[in-house]
């Protein structure tokens, strides 16, 4: 009986010690988010993302986005929500003075001076360089402000473009937002490799931050036979 009792006590103490070690080993989430913010505060970057969007019929998209402050960017790929059929490719290019939008399947494009985007019909104003930069990066640059209520979930290895990358997995809820994001954060470089929210999922297969880009990246030349459409005033 004494041996059994001693064994039970030893097991209990050993379990308590292990629990304490696990608690101490949990990373500092606020510090992780500060490092994410610092990582993404760059004025030029390039991202490549594969996304799955829920709601109705599941849809997938693949897009590349390159930006250089203050007013140059290129977005191209299979973009959702652009009025194109599934699989329709789109290019949107801002060269510093003009915005170009080209639909490959229809071989048609429109152009508009950046200075006139605010007065453009529909929601073209959302395609302004500053608006697109904000849309792509606000969550990551502002991650340090999400320190109230983030939750550390686990550590997990994520495979990206054939590489296995150890990640912190945590959830964050931006202020004044109803969305809760789950982030897979590279433990070494503090880059967000995957982002899930409300059934949607985005995997970033290319992340280049602060690296120089050729100016040709932000030029648009209409393909042969492409027809320019006039915008409604």
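The residue that is nearest to residue 38 (Cα to Cα), among those in the range 156-165 that are surrounded by 15 or more Cβ atoms within 10 Å (Cβ to Cβ) and without any contact (Cβ under 8 Å) to a residue 40 or more places away in the chain, is 165.
Here is the figure for the range 87-141: residues that are farther than 30 Å from residue 190 by Cα and outside any strand (DSSP E or B) total 20.
Set side by side, the residues 223, 175 differ, and just one is surrounded by fewer than 15 Cβ atoms within 10 Å (Cβ to Cβ), within 28 Å of residue 69 (Cα to Cα) and touching a residue at least 40 places away in the same chain (Cβ under 8 Å), which is 223. All conditions in (1) assigned to a loop (DSSP other than H, G, I, E, B); (2) in contact (Cβ under 8 Å) with a residue 60 or more places away in the chain hold for residue 170, with the sole exception of (1).
Just to check your reading of the model, which residue among 146, 168 is surrounded by 11 or more Cβ atoms within 10 Å (Cβ to Cβ), modelled with pLDDT of 95 or more, within 19 Å of the chain's Cα centre (by Cα) and on the phi < 0 side of the Ramachandran plot? Walk me through how you get there before you give the answer.
On the way: 146 fails: modelled with pLDDT of 95 or more.
One residue alone meets the criteria, 168.
The values are calculated or read from the model by the stated rules, or taken from the named source; none is laboratory data. Being a predicted model, the structure only gives us computed values, none of them experimental. Please note: Cβ atoms are built from the backbone with ideal geometry, for glycine as well, and neighbour counts cover all protein chains shown.
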